[in-house]
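Derivation of every value follows stated rules applied to the coordinates shown; laboratory data play no part. Fair warning: this is a prediction, and the values are worked out from it, not measured in the lab. For neighbour counting, all protein chains shown are included, and Cβ atoms are generated from backbone atoms with ideal geometry for every residue, glycine included.
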Amino acid sequence: MLVLGFVDSFFDTRDFPARWHCGRWTDLHGWTHVISDILIFLAYMSIPAAIAFGLYKRRDVPSPLAKILVLFVGFIVSCGLTHLNDAIIFWDPIYRIQGITKAATAVLSWVTVAALIPAFPRIMSLKSPESLEKEVEKKTRELTETEALFRDLYENAPDICVYIDAKNGEVIRCNATAARVLGYSKDELVGRQIFGFCAPQYRDAVRTLLSQFLDAETLSHEDLVLQTKAGDDISVSLSATALRDADGNVLYIRSSWRNLDDSKRAEVLFERAVDASPSGMVAVDDNGVIALVNAETERLFGYSRFELIGKPVEKLLPEAYQKTHPAWVSSFITDPERRAMGAGRSLFAQRKDGTTFPVEIGLNPIDTGQGRWVLGAVVDRTEVVETQKRLEEQAEELKRSNVELEQFAYVASHDLQEPLRMVAGFSKMLSRQYSGQLDATGQEYLHYLVDGAKRMEQLINELLEYSRVSKREVTYSTVDANASMDSVCLGLQMSITESCGSVVYTGLPEVVTDQVQFCQVLQNLVSNGLKFRGDKPPRVEVTAQRDDDQWTFCVADDGIGIASDQWERIFEMFQRLHERDIYDGSGIGLALVKKMVERWGGKVWVQSTLGEGSSFFFTVPVRSTGY
């Protein structure tokens with residue numbers, strides 16, 4: 001009774017007036033609302049019907065999308081019912097039913113939203129029709145190209161390829177090789193029984209072989225004879241495969257007929273090629289027995305081929321390796337791959353006279369009618385090993401010589417400084433105290449003495465600095481190139497002011513390198529840009545760009561430039577392109593730059609045009625902040 005009472009009160013409309021009686025409705029206003037609500041209701045009902053029809057026709061719609069569509073249908077239906085209720089309320093005030101309908105609409109709305117949120121990325125990833133069309137066009141083109149490729153492979157295969165009807169033995173399709181070898185056109189071959197192309201004495205044998213496909217999937221036969229249109233016999237081997245329908249019945253036979261005459265010619269050519277090879281060639285069967293050697297093998301080992309063929313391959317190895325080698329042969333035969341033998345180890349072979357020599361051996365597996373063989377290419381490395389040894393000795397000698405030279409330069413420049421200071425000091429004293437007592441010639445000689453002492457002091461200091469570069473350990477740290485350039489410009493402020501020049505840099509990166517040497521490199525290159533100038537005030541610009549795993553810095557000037565044939569020479573010690581009375585310097589600066597850059601793993605070079613300026617480049621490898 002309680003339930004019936006609740007339901008009865010739910011449909012009871014006595015507490016509410018119909019909408020026509022609420023307010024001052026005119027016929028125009030009222031019917032406009034009623035008709036609009038009914039039209040909206042009908043439109044809402046048509047949308048679920050269309051979606052339901054689509055889901056019925058497309059049973060392959062993914063389950064997540066189908067669930068969302070079902071929720072969407074429920075949401076649209078509930079929305080339509082709210083509009084239908086709005087129209088009914090004009091006569092029957094079913095406000096309670098309308099409230100329940102709107103509540104259901106609200107619940108369905110938010111359930112649909114909740115279902116859409118996780119599915120939204122998948123919906124957004126769906127391809128557009130245009131992209132799908134392009135993908136279909138691409139796949140179609142690829143399939144066409146692949147089909148053309150396989151057709152070309154089939155038509156020009158070295159073997160005779162024939163598709164045979166399993167019921168009557170008629171040729172259904174054949175390739176161009178079949179027509180060329182047998183001397184018929186394709187039209188003459190297709191439709192005739194394959195037995196008709198066999199030599200008479202072999203036709204029954206071929207019939208018997210093809211009938212065996214009732215019980216087998218594949219078959220092969222090594223000794224058959226086909227007959228050409230001209231009546232010539234061709235020795236062939238047959239390999240065939242059955243093509244069956246869904247019930248397992250044989251429909252077609254795919255057959256391949258290999259011309260054994262061509263195979264024999266190929267074997268002869270192969271043996272000749274092996275024999276003419278500049279490397280020693282040794283073929284070993286799966287038992288480790290020598291089956292074939294060439295002329296170079298005879299020369300290398302001192303045996304004739306008759307002394308080697310049929311003997312174990314260990315005959316060519318030093319005694320220390322003869323016991324363990326058979327296991328290596330067995331392992332390679334089991335898992336063959338083309339590779340170098342003994343990678344990372346020194347290999348030796350033994351001649352007939354018992355002497356050993358270093359070798360390099362390449363292994364190649366070969367499948368033959370007599371099983372799997374291994375073809376080894378043997379190269380005598382005696383000259384290579386001797387040359388490598390000489391190079392190592394020369395490198396060690398050069399390294400020792402460089403160390404001694406650097407030590408000598410350091411000691412010599414260090415020991416020369418003290419007497420040079422005495423010469424320079426007394427020269428300056430002589431110039432100050434006695435220059436007035438000397439005639440013009442004496443004054444000139446004294447000027448040469450002071451100037452020479454000054455240049456010698458500069459040369460010794462730079463030579464000492466050059467020798468210290470190798471001794472000083474490279475200390476890596478994170479270096480701000482902009483801050484380094486600030487320091488360089490501060491140190492060169494006098495040169496910049498005297499030349500009325502400018503140094504431009506901005507946006508330079510942070511690099512991981514030796515801060516001291518990095519600043520020295522920049523200072524030397526910028527200083528050269530200010531020094532080697534023409535008539536106009538110099539302008540030096542420093543830039544940098546990232547190139548994969550390195551930073552490339554460029555110090556560009558608008559000075560006098562360098563001839564292209566001098567680009568390498570200027571990085572050598574004591575190389576000057578100008579007289580000292582025009583541009584001073586010792587000729588060590590760029591050599592010092594090169595050495596410092598190479599110490600941190602970079603390289604330096606120049607590009608220049610005479611009269612227009614030079615661009616010096618150097619690289620700094622990118623390193624992690626952990627150095």
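What are the ³J(HN,Hα) values, in whole Hz, obtained from phi via the Karplus relation 6.51 cos²θ - 1.76 cosθ + 1.60 with θ = phi - 60°, for each residue of the range 614-623 in sequence order, with x given for Gly and Pro?
Karplus-based 3J(HN,Hα) across the range 614-623 equals 9, 10, 9, 10, 8, 10, 10, x, 7, 10 Hz.
Just need log10 I(q)/I(0) for the range 48-204 at q = 0.11, 0.15, 0.16, 0.19 Å⁻¹, Debye formula, equal scatterers on the alpha-carbon atoms, no solvent, rounded to two decimals.
Debye curve over Cα of the range 48-204, log10 I(q)/I(0) at q = 0.11, 0.15, 0.16, 0.19 Å⁻¹: -0.71, -0.94, -0.99, -1.16.
Let me understand the range 481-572 better: what is its radius of gyration from the alpha carbons, and its Dmax, in angstrom?
Cα-based Rg and Dmax for the range 481-572 come out at 13.7, 40 Å.
Provide the three semi-axes, in whole Å and in decreasing order, of the ellipsoid equivalent to the range 469-518 as defined by the square roots of 5 times the Cα gyration tensor eigenvalues. Intermediate values should be presented prior to the final figure.
On the way: eigenvalues 123, 45, 8 Å².
With the √(5λ) rule applied to the range 469-518, the semi-axes are 25, 15, 6 Å.
Viscosity 1.002 mPa s, temperature 20 °C: give me the Stokes-Einstein translational D for the range 148-204 in µm²/s, with Rh taken as the Kirkwood radius over C-alpha pairs.
Numbers: Rh = 11.8 Å.
Translational diffusion coefficient: 181 µm²/s.
Any of K139/K229; K57/K167; K311/K389; K167/K229; K389/K594 with alpha carbons more than 32 Å apart? Name them for me.
Working: K139/K229 43 Å; K57/K167 43 Å; K311/K389 35 Å; K167/K229 25 Å; K389/K594 30 Å.
Distance filter (> 32 Å) returns K139/K229; K57/K167; K311/K389.
Which of the residue pairs K531/K595; K67/K134; K352/K399 have a Cα-Cα distance greater than 32 Å in the structure shown?
Numbers: K531/K595 21 Å; K67/K134 30 Å; K352/K399 41 Å.
From K531/K595; K67/K134; K352/K399, over 32 Å: K352/K399.
What ranking, highest mean first, results for peptides 150-161, 502-513 when packing means the other Cβ atoms within 10 Å averaged over each residue? Mind dumping the intermediate values first?
On the way: 150-161: 14.2, 502-513: 16.7.
Taking the mean over residues of other Cβ atoms within 10 Å, the ranking is 502-513, 150-161.
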